[in-house]
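Below: one structure, written as structure tokens.
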There are 2 protein chains.
Amino acid sequence: MNQPLGKDFTLPGEAGYEQLTLELAEKWGADVIRDSDGTKLSDEILRAGYGIYSTICIIRQHNAFAAQHPDSQQQTFLCSDPVTATESSVRIQPLDGYFDQQFELNDSPEALAYWQVFDRTANREVPREHWAYREGEVTVSPCQPWHEYTVSFLAWRIWEEINMYNHTTNHWQSEHLRQLDPRHPLAWEYLQNWLRDWCRANPDTTVVRFTSLFYNFVWIFGSDPRRRTRYCDWASYDFTVSPAALKAFEQAYGYALTAEDFINQGKLQVTHMPPTARKRDYMDFMQRFVAEKAKALVDIVHQYGKKAYVFYDDSWVGMEPYGPYFPTVGFDGLIKCIFSGFECRLCAGADVPTHEIRLHPYLFPVGLGGLPTFSAGGQPEKDAMQYWRSARRALMRQTVDRIGLGGYLHLTEGYPAFVDAIQRIGGEFRRIKALQKQAGPYTLPLRVAVLHTWGKLRPWTLSGHFHETYMHPLIHVNEALSGLPVDVRFLSFEDAAAGGLAGCDVVINAGRAGDAWSGGDAWKNDALVEAITAFVHRGGAFIGVGEPTAAPGYATYFRLANVLGVDLDTGARVCHGKWTFDVEKEPAIFLANNALGQKKDVYLTDGRARVLAECGGAPQLTVHPFGAGMGIYLSDFHFTPESARMLLDLMLYAAGQMENALYLTDDARAEAAFYPDSRTLVAVNNSEDTVRTRIRLPGEALDVTLTPMETRFVAL
Amino acid sequence: MNQPLGKDFTLPGEAGYEQLTLELAEKWGADVIRDSDGTKLSDEILRAGYGIYSTICIIRQHNAFAAQHPDSQQQTFLCSDPVTATESSVRIQPLDGYFDQQFELNDSPEALAYWQVFDRTANREVPREHWAYREGEVTVSPCQPWHEYTVSFLAWRIWEEINMYNHTTNHWQSEHLRQLDPRHPLAWEYLQNWLRDWCRANPDTTVVRFTSLFYNFVWIFGSDPRRRTRYCDWASYDFTVSPAALKAFEQAYGYALTAEDFINQGKLQVTHMPPTARKRDYMDFMQRFVAEKAKALVDIVHQYGKKAYVFYDDSWVGMEPYGPYFPTVGFDGLIKCIFSGFECRLCAGADVPTHEIRLHPYLFPVGLGGLPTFSAGGQPEKDAMQYWRSARRALMRQTVDRIGLGGYLHLTEGYPAFVDAIQRIGGEFRRIKALQKQAGPYTLPLRVAVLHTWGKLRPWTLSGHFHETYMHPLIHVNEALSGLPVDVRFLSFEDAAAGGLAGCDVVINAGRAGDAWSGGDAWKNDALVEAITAFVHRGGAFIGVGEPTAAPGYATYFRLANVLGVDLDTGARVCHGKWTFDVEKEPAIFLANNALGQKKDVYLTDGRARVLAECGGAPQLTVHPFGAGMGIYLSDFHFTPESARMLLDLMLYAAGQMENALYLTDDARAEAAFYPDSRTLVAVNNSEDTVRTRIRLPGEALDVTLTPMETRFVAL
């Protein structure tokens, strides 16, 4: 196992620290040096023989142009806070409550044409003749006393949101950066020329790293520090809007969108909720636009003999890596900063030549959540190993091509344990990657379909990072799956209803009633219900988490209550007697009780489900035979390495594969992957304990003792 | 305070224990002796100069007639358990899963005409030509594979439910009693004659106590002991149904009801859920029928010189004491068994000459829930004082006329502490009652309207006793209100929308989204929203508990989120930033934190609500200025004497009356009532601690020290 491994590490260089840069490049096996937001590379670094990544945020840093062409800036629809009418007229200042450094009213005639006033009590738009706008204020007259009114309006976004965040959070003092809309013809001309100039001016750059493209995820600030963030959705499209976009849409799709299509009663179109058909059209429209413009930029980069990578964060809206138009852009690489295993899989599976992950922690004094990293009290080597634990199990299933870091390299001085940890991580990554050069790891014959609204468009991720979506059980499921030895695919409800379950063994639906992950009204499609019912009856497994398949208006709240053997009482069954039950033990299944919820109102439908865990008299984990298959219900699911094993055990149990499953540990704290081509087993300890575990091999067993967090490579 | 007090106590006599009977009658101040289910009165007791109550259950104990006329028995609609079709036809045994000693299929031609088969997956009735019934089985063909099917059918109820309960729970072995439907012409003739005969045969009886009338509350047993009770609803009307009733309804209302009007997707028409318009019609129809038949029976009783009291429990369906037809029956008295204060108020306020309560514990070896009462380990005197604590505070606000006990008197032997406790309770009751002979107690100028679907029809109660409805916050609110020095009324949503809030200071809405207590679709009526919004803006207080005013489809989930200053995120606002807040202290308000819930997803709407309690970052108790009034939100409400004080304080705070409120204790464990006519203050200690408290009088204060559970009468 001492063959030379490739260099595939991207190091953040830093001018003024040339010796450190080159020293760590050697130690960590770097072949590429990058700049970061706030750092420069000196000539000494640029000419040291490394590949050079240069970071650009194409729509930012053009304040002079923006000042000359204020109408080239980006916009959004906003909705005023509701105002209760107490008389027959009511006055509303639309921007009240919004951060005035982020937004400016767009009250141009073409924008005003898109404004709307709503009586939110009556759920009715107020006719134009009943409201008037003048100098920042809308007057509704006549109105209905005691009703609530809102104004939906267009606003200019006058501060690029990532820059705004760094100013307000990290106390940056530099000039507020603005952002251009590539849909504006002059801006688009300007941006292309700027990129050409940039390429000419940076001959040492081998890879242009786009951060990311044009439109930031939606991040709306409020005026009051008690609610600085009014809204934040990593996958929403609100920040792409403009009268020009709306007109182009109307021309392309034959119908006009209104402010309400975005404002949605003030709730906006949250990615976690099922989209309207109109939103789907608009997303498709915008994805095509983003891909087309991105391709033009990539072509420029290629003309200058450089590669174009895209960093999948911040201004990525419309360039979903699994969207239909992403491959047409021609990116040479996708870079994903990762905290979690699911992000590694998201990156690794994208249709692009090079997949690179950016490890955490970044080389910043303070990490996410404000805790110290490279400053007093920080333990960056511990942080690095925590994140590596999540990434490692995912990379063992499907590797990426490269890893790297970001931030200020000089901060590593005084943290030799961190430097060593990254060296270790780099070494382990290269061995895992090498094992997959020929073929992937052994996979159990378990083909798992994760079923939700977005299907293939949003595999693995929900909307943002784990810590932003932790309240959704699906992100925990995805994180668990990211490192399990099973085949995983993501299906939409339309896919499932149209035969998409063929070739699947397990279907998972995990979410809250009505949300995009559970499915909401998608479950009103009888064909979907029939497809899954038949699938399970013929031997498949259906795993529901939280409020799966929930839809109001039917005999049961869970549409597949008959398959699951449990349902949720929303109040109408409060007088119905509930089946009593004993909590049963199923030795074959590792039980991670603390991964389950404390969900009230769950009850057994036909009394035949076996209850493996309960809380306050309500079942929390059940297995229910249905025909030749099985329905499994979990009240909630919180990811830990141990709960991932519970999920795997449940799937194996449902599929009747428990007996013969190979390469599994007998301790849930440890996991293993086997690479048949090289006859190598990789066993990892996900815990900080020493773990002695037996691993089932064909016809025999292997006993290993793993030190805390160890990665063990065993030739078989 | 030593004036002679009246005798107003009903004692359960027992043959064979004549001396005990007369001795306790003397000690407890009885003027009436009653029999009980299972006891007889001997001649010695009957002729001792006491009034005599005799218990009859008019529709029961006629098995010979029922055997001769099986079609005179009562019926119900039932719905089969759903069956998933796996082929193009499916067979269903309708009674599968039901208790075969309670039910028998009614497959007579006139009954079969009412049967229905439903495809519950598609929410569609299956046309008659696609199903057939034969020998206890329905075959649906063709059907849609993988859909669920149910059969709705009529069943005879062949075992009177209270008798069935006593057999199955208390191991009674006697003959199963059947029950007759007074709508059956022969049965009706028979019952009237039977009553005449009975009156003639019982000349010593002064009061015929009906237990209760004709139709039992709905109690459906299952075949499996793991789910013996399939359904239990104390206020539901399912057990009144029959083809004859349905035909009479159709004639009277001009349209026909179907099985589905009762079955409601298998959920039945739970009293805790808003009724359909058809259910309201049917209830009115049945109430008129019950009142008419009851009047005929009362007239018979009166013809024999006896009085007719009705016991409000068991077979009371259709004779709601606050219903429009109840006064027309002509009952001389209403007897209510009580565990709680709200039941005392329910009894005390009914439009009937005599109000009597039956105290707990009953003289049975074992109490509700199976714990010992008059048997080894029992402490009946403690139980009696616990129930008395609840009753006392309600009776201090509005007294009843009489009290009494039920059960087997001989069981009191060996429990002298119980005998003393009842003597004490009787004495306290008589003094409280005497204080109210002239006029009621001083009431704070706080007029409180409790707002729910049933309004005046169901004041105080929900559906059954406290221990059956504890999961509904409203029963806790009602229990708190039952002893508070405020004016209480109950309004329906229709009342409130039509000016019913005039003369109110506080409106309370407490329930779960969609239920009858919160209101469900009633909140889609803008006029209701306007009425309450205006009411609060002009100075009123609105108190919402749990999921008040909730209705889906609007900008906010709580329709009065603007008034309350809080709303509940059902998932669509998961990306919306929430207002941060500090938990504030409001010294004027007694805080009973453990009375509140642990409700997730509550958030501040405009950031102006003051948060007095929180859980996991979500507000649980808030006060929100709105115009000249206030919206108050409680995440939940659990009754304790202390939390009752919190509720009172919140109402006083909202109404700006905190400063001057009279006759309040400064310790939440104690309460007081002042009777202006007799210038007497009654102070009670609701706790088992000694409590020293100051009571605010006009211009002065009174300090009292109360022993545990003490009732103190103070002349001012």
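Read the figures in this text as sums done on the coordinates, not as results from a lab. Since we're looking at a predicted model, the values are computed, not measured. Backbone-built Cβ (ideal geometry, glycine too); neighbour counts: all protein chains shown.
Worth pointing out:
- Residue exposure sequence - B:Val545, B:Val691 - by fewest surrounding Cβ within 10 Å: B:Val691, B:Val545
- Farthest positive-ward along chain B dipole, Cα basis, beta-carbon charges - from B:Leu257, B:Gly407, B:Gly500: B:Gly500
- Positive-pole candidate from A:Tyr663, A:Cys199, A:Asn216, dipole of chain A, charges at beta carbon: A:Tyr663
- Gyration tensor (Cα) of chain B, equivalent ellipsoid semi-axes in angstrom: 42, 38, 21
- The charge dipole of the range B:447-654, taken about its Cα centre with unit charges on the Cβ of Lys, Arg, Asp and Glu (plus for the first two, minus for the last two), comes to roughly 120 debye.
- Shortest-first nm distances, B:Ala715 label point to equivalent points in other copies (7 Å, Cα→Cβ): 10.7
- Which of A:Pro698, A:Asn686, A:Val714, positive extreme of dipole for the range A:670-715 (C-beta unit charges): A:Pro698
- Under 16 Å from the Cα of A:Lys382 - lysines, other chains or at least 8 residues apart: none
- Dividing the mean sequence gap of close Cα pairs (under 8 Å, 6+ apart) by how many residues the range B:70-219 holds gives a relative contact order of 30 percent.
- Charging the Cβ of each Asp and Glu at -1 and of each Lys and Arg at +1, and nothing else, the dipole of the range A:276-361 about its Cα centre rounds to 100 debye.
- Relative contact order of the range B:447-654, defined on C-alpha pairs under 8 angstrom at six or more residues apart (%): 21
- Neighbourhood net charge (11 Å Cβ-Cβ; Lys/Arg +1, Asp/Glu -1) for A:His167: -3
- Rel. contact order, % - alpha carbon contacts under 8 angstrom, at least six apart, the range A:254-370: 18
- For the range B:299-456, DSSP calls about 10 percent of its internal beta bridges antiparallel.
- In nanometers and ordered shortest first, the copy-to-copy spacing of the B:Arg128 label point, defined 7 Å from Cα toward Cβ, is 5.7.
- Measuring from the axis that maps chain A onto chain B, the chain A residue with the nearest beta carbon and its rounded distance in angstrom come out as A:Pro552, 4.
- Placing +1 on the Cβ of every Lys and Arg and -1 on the Cβ of every Asp and Glu, with no other charges, gives the protein assembly as shown a dipole of roughly 320 debye about its Cα centre.
- Placing a label point 7 Å from Cα along the Cα-to-Cβ direction at A:Pro185 gives distances to the equivalent points in the other copies of 9.1 nm, listed shortest first.
- Cross-link check: pairs B:Lys293/B:Lys456; B:Lys27/B:Lys336; A:Lys599/B:Lys599; A:Lys578/B:Lys279; A:Lys7/A:Lys307 evaluated at a Cα-Cα cut-off of 20 Å; pairs beyond the cut-off: B:Lys293/B:Lys456; B:Lys27/B:Lys336; A:Lys578/B:Lys279.
- The range A:514-612: trypsin sites (Lys or Arg not before Pro) in DSSP loop, at most 15 other beta carbons within 10 Å: A:Arg538, A:Lys585, A:Lys600, A:Arg608
- Loop sites in the range A:347-453: GluC sites (Glu not before Pro), DSSP, at most 16 other Cβ within 10 Å: A:Glu413
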